[in-house]
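Novice: One structure coming up, written as structure tokens, with questions to follow.
Every read-out reported here was derived from the displayed coordinates using simple, explicitly stated rules and does not represent laboratory data. Keep in mind that what you see is a predicted model, and the values were worked out from it rather than measured. A quick note on method: Cβ atoms are made from the backbone with ideal geometry, for glycine too, and the neighbour counts reach across all protein chains shown.
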Amino acid sequence: MRIQAAVETHQFAVRYLQANAAAGTTVLDVAAGEGALSKQLQDAGLKTACTSWNDKCKVDAPQYRVDLDHPFSAADVGDRDYAAICAIEIVEHVENPSAFLRSCAAVLKPGGTLIISTPNVESIAARMQWFLRGCPRIFSDHEVRQNRHISMLWSQGFEVLIEHAGLRVVDRQLLGRFRMSRSLLTPIKRLGYRLLAGLLSGDTEGTTRLYVLTHSADGVRTDHSERVY
């Protein structure tokens with residue numbers, strides 16, 4: 001099965017849920033793709049259910065066809081809520097990341113775990129691409145039109161949306177490594193990346209930003225539009 005994310009992201013999700021979820025827990029794999037993560041979770045002793053929009057998921061598990069551009073509820077995913085949800089490399093594909101987070105929170109059991117990831121647009125690689133191309137490669141015209149990378153999320157903005165969805169951060173990780181194509185200039189590029197990593201602030205390492213979330217005590221918050229001017 002094709003893995004449509006950094007391998008390290010799947011590895012982290014499996015290890016985390018193995019260590020923190022009870023054996024036999026059902027994990028909702030949102031936008032499961034071909035089912036690579038669901039299969040790994042099953043091999044680790046967990047049960048899975050999947051959402052898909054293109055019916056390409058090959059794993060033996062309950063599957064629900066959900067349009068993630070619209071709010072979803074327990075009725076859309078088997079009339080139940082889940083102790084664990086994985087949403088790996090999907091929030092950048094949806095029209096409304098805030099609504100997506102609220103929907104995930106709505107089908108998450110109290111005290112449950114949501115693992116969510118998105119490209120790290122603060123990495124040195126992304127910043128250099130932005131400087132040279134006008135945007136990070138993962139959000140280039142080709143990626144927008146062919147892979148629907150339409151919602152670019154940086155740490156501060158993403159974490160505000162997380163708070164407003166009634167969630168709080170339990171853990172945050174920067175995963176994945178930028179791999180340069182080999183050429184005569186590669187050593188110079190590597191040196192430049194190291195120098196920039198020491199000079200620039202923000203999350204300069206890792207190609208993927210991952211959060212482990214649970215419900216916050218404050219609940220869903222209203223974003224006061226009257227503050228915008």
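Novice: What distance in nm lies between label points placed 7 Å from Cα along the C-beta direction at Gln146 and Ala75?
Specialist: 3.9
Novice: List nothing, just return the count: lysine pairs in the chain, 8 or more apart or interchain, with Cα separation under 26 Å. Don't jump to the answer; show the numbers that get you there.
Specialist: Values: Lys39/Lys47; Lys39/Lys56; Lys39/Lys58; Lys39/Lys109; Lys47/Lys56; Lys47/Lys58; Lys47/Lys109.
Lysine pair count for the chain: 7.
Novice: May I ask for the angle, rounded to the nearest 10°, between helix 155-164 and the longest principal axis of the chain, with both axes built from Cα atoms and the value confined to 0 to 90°?
Specialist: 20
Novice: While we're here: In nm, to one decimal, how far is the modelled label at Val7 from the one at Ser98, with both set 7 Å along Cα→Cβ?
Specialist: 3.9
Novice: Nearest 10 degrees is fine. How inclined is helix 97-106 to the longest principal axis of the chain, computing both from alpha carbons?
Specialist: 30
Novice: If every alpha-carbon in segment 94-172 counts as one equal scatterer, what log10 I(q)/I(0) does Debye give at q = 0.10, 0.23, 0.27 1/Å?
Specialist: Calculated log10 I(q)/I(0) at the listed q: -0.29, -1.10, -1.29.
Novice: Find the relative contact order for segment 7-217 and round it to a whole percent, using C-alpha pairs within less than 8 Å whose residues are 6+ positions apart.
Specialist: That works out to 20 percent.
Novice: Right, next: What ranking, highest mean first, results for peptides 134-147, 164-177 when packing means the other Cβ atoms within 10 Å averaged over each residue?
Specialist: Details: 134-147: 14.8, 164-177: 17.4.
Those peptides, ordered most packed to least, come out 164-177, 134-147.
Novice: For the chain, modelled as a Gaussian network with Cα springs under 10 Å, which listed residue fluctuates most, Leu195, Leu41, Leu28?
Specialist: Looking only at Leu195, Leu41, Leu28, the largest GNM fluctuation is found for Leu195.
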